[in-house]
Amino acid sequence: MTIVAGRVRSRGPVLHPRLCAALTAVSCLVHLWLAASGHHDAWLGILMIGLAAVCIPCTVHIWRHSRVGALHQVTISALAMVGLHAVLLLGAGGSGHAHGGGPASNAVASSGAAGLLLVIGLEITTALLAATLVARLRRRSAVAS
């Protein structure tokens, strides 16, 4: 880090960690908003609040220091959320997708499908930003060595 005009300036990437942290914060806010909206059961709302509470410290660590451990945790969490929401989108648990003589899939027609697709896109983007930042930080430390 260097000091320029009284401000501490990082020698590493600045915009990339800020984008990653901001997107992780948006994901936390979406979970909190969904929990407060009352569209889900109470236990699911509590789970979403817990997930947001777990992600907030990582957001701070990524914003301030680009910590690789926090980036790994965000990447793994985002990919787990992609998998979970993909299963929900495809209608696991008996609704949505059917083969044979059953009705055609109603995943596109369901009101929550668009929201699930947006969440999947948000989480894929979060995982991509975190993973590429880890690669960028590792490459930078390898060059500095």
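Split the accessible area of the stretch 52-94 by element, probe 1.4 Å, and carbon with sulfur accounts for 72%. Maximal additional length on extending the ARG136-LEU15 stretch stands at 42.3 nm, based on 0.36 nm per residue less the C-alpha distance. Take the Cβ atoms of LEU117 and ALA22, set R0 to 30 Å, and the FRET efficiency comes out at 0.90.
The values are calculated or read from the model by the stated rules, or taken from the named source; none is laboratory data. Everything numeric in this text was worked out from a predicted model, so none of it was measured. Using ideal geometry, Cβ is built from the backbone for each residue, glycine included, and neighbour counts are taken over all protein chains shown. Protein only, heavy atoms only, side chains kept; ligands, DNA and RNA dropped before computing areas. Shrake-Rupley method; radii C 1.70, N 1.55, O 1.52, S 1.80 Å.
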